[in-house]
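Structure first, then comments.
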Amino acid sequence: MRVTYLLTTILLFGAGCSEILGLDEFTPQPLTDDGGTSPSGGMGGALATGGSGGANTDAGSATGGTPGSSGSTSVGGTQNGGGTSGSDAGTCAPRSIETTSPGVDLYIVLDDSGSMGEDCELAGAAVDSHWCKVIHGLAAYFEDEANVGLGVALNFFNNGYDCSSALGLARPPEGNSVAMTELPTHLSQLRASLDEAAPTGGTPTSAAMVSIATYTSELASETRRIAGVLITDGKPLPCGGNAEIKATARTLLDTTGIPVFMIGIDGADFVALDDWAETAGSFEHSDRCGVGTACYAYDGGGGEGVASALSQIASKAATCSYRLSEPVNGPEQLRVSLTLPNEQPRDLTRVSDKFKCSQGDWYFDDNVHPTTIEICRTSCGDVAKAGRDSVVVLEPCSSAP
């Protein structure tokens, strides 16, 4: 009797709805051939029309109802009687992950050939020579409080150079060179080294480049970014020329990702310097160009522009490294978005490592426990022009009820 009463009630309710909606008849759905029922859910109310309920199966699952057609509130059937339906969908909002720039280390190798002009002491009277202006510019840069925490190593072209050596020059701190340490810890050593050196000898640029490649490779780490800086006013002689310099720089960049930046002093071959700098992974810029309005090397003038050039180099050395400020769940789902001037944001493509950069835009330093996102060199030039803030790291969106 109870079953009959309920069935009668359902049929009457259906009939009532038929009249309200202006339908001629109400036709219940038959049983399916496989023994499971497939009734449509109850119809929603007329004023606030709910969705139709989902279908039941023998396994007990139920699909949700279709959305209601109108009304401020939509009410579908409950699960196993149609499932709730017509509720507002959850919102999806990706969360921006804060990132920081890793520390920077610069290995500076200075041309101390005779063409750099007359020697001077940092504490003595100023001398109008390339050499004197350069060492005063370097000393001022090292003493600047803005550079506290910057790693600096210093060497000179004629410090034990050997054209056939795998080291190129004496390895810091041998001779009058200074090993890599963060400023201002070794400021007195740097000043003493600049005073001890003097502009004599030739311009073994190729040996200097070999020294940069060897020393920076040894010091490369996951927590800091290292780059070489070559400062010169002359053409390479002895120890090879343009081909050897470019080959060493390209191998360093391709195998380690370490760039080398060039600063030319008046008298330098800026066409060659620009070619070296582009090959060595420097970024195109429009500041202090020795040739053209867009260039890769930096013009240090008579020596007075060295500090300014170094400031720009230090800011770009870690441009494309983004340290994650917190562990993230599901790092493989992180999105990296780039927004260039006058363009819409676009997602960059992840690759497995730096050797796959021809196929995408960025990679993790560690695919299992990542701490840093590295932008590939192919995309890093755009980032360098637009600035670090052009890149945003987004955590996968989450649904809010």
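Remarks
- Scanning the stretch 237-252 for residues that are in contact (Cβ under 8 Å) with a residue 12 or more places away in the chain, assigned to a helix (DSSP H, G or I) and either touching a strand residue (DSSP E or B) at 6+ places or on another chain (Cβ under 8 Å) or open to solvent by 20 Å² or more (accessible area, probe 1.4 Å) (or both) yields Asn242, Glu244, Lys246, Thr248, Ala249, Arg250, Thr251, Leu252.
Yes/no matrix, rows are residues, columns are (1) within 30 Å of Ile265 (Cα to Cα); (2) surrounded by 12 or more Cβ atoms within 10 Å (Cβ to Cβ); (3) not basic (Lys, Arg):
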site	(1), (2), (3)
Thr319	yes, yes, yes
Gly330	no, no, yes
Val336	no, yes, yes
Ile375	no, yes, yes
Gly387	yes, no, yes
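Residue-wise test of (1) outside any helix (DSSP H, G or I); (2) surrounded by 19 or more Cβ atoms within 10 Å (Cβ to Cβ); (3) of a type in the set (Phe, Trp, Tyr).
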| site | (1), (2), (3) |
| --- | --- |
| Gly302 | yes, no, no |
| Ser308 | no, no, no |
| Tyr322 | yes, yes, yes |
| Pro341 | yes, no, no |
| Gln344 | yes, no, no |
| Phe355 | no, no, yes |
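Here is a yes/no grid of residues against (1) closer than 29 Å to Ala294 by Cβ; (2) part of a strand (DSSP E or B); (3) among the aliphatic types (A, V, I, L, M):
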| site | (1), (2), (3) |
| --- | --- |
| Tyr363 | yes, yes, no |
| Asp366 | no, no, no |
| His369 | no, no, no |
| Ile373 | yes, yes, yes |
| Gly381 | yes, no, no |
| Ala384 | yes, no, yes |
| Val392 | yes, yes, yes |
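- Checked against (1) assigned to a loop (DSSP other than H, G, I, E, B); (2) open to solvent by 50 Å² or more (accessible area, probe 1.4 Å), Pro199 meets all criteria but (2).
- Selection status of Leu154, farther than 19 Å from Ile226 by Cβ, of a type in the set (A, V, I, L, M) and outside any helix (DSSP H, G or I): no
- Search result, residues across the stretch 126-146 that are surrounded by 21 or more Cβ atoms within 10 Å (Cβ to Cβ), closer than 18 Å to Ala317 by Cα and in contact with a Ser or Thr (Cβ under 9 Å, 6 or more places away or on another chain): Tyr141
- Residue, surrounded by the most Cβ atoms within 10 Å (Cβ to Cβ), within the stretch 159-186, restricted to residues that are part of a loop (DSSP other than H, G, I, E, B) and among the charged types (D, E, K, R): Arg171
- The listed residue being open to solvent by 60 Å² or more (accessible area, probe 1.4 Å), out of contact with any Cys (no Cβ under 7 Å at 6 or more places or on another chain) and not aromatic (Phe, Trp, Tyr), out of Thr216, Thr232, Thr223, Thr256: Thr223
- Scope the stretch 262-298; condition part of a strand (DSSP E or B) and within 21 Å of Phe142 (Cβ to Cβ); matching residues: Met262, Ile263, Gly264, Tyr298
- Check on Ala198, without any contact (Cβ under 8 Å) to a residue 60 or more places away in the chain and either out of contact with any Lys or Arg (no Cβ under 7 Å at 6 or more places or on another chain) or among the acidic types (Asp, Glu) (or both): no
- Boolean, Cys132 is modelled with pLDDT of 95 or more, of a type in the set (A, V, I, L, M, F, W, C) and in a loop (DSSP other than H, G, I, E, B): no
The values are calculated or read from the model by the stated rules, or taken from the named source; none is laboratory data. Computed from a predicted model, the values in this text were never measured in an experiment. Positions of Cβ are backbone-derived with ideal geometry, glycine not excepted, and every protein chain shown enters the neighbour counts. Just so you know, the surface numbers come from the protein's heavy atoms only, side chains and all, with ligands and any DNA or RNA stripped out. Shrake-Rupley method; radii C 1.70, N 1.55, O 1.52, S 1.80 Å.
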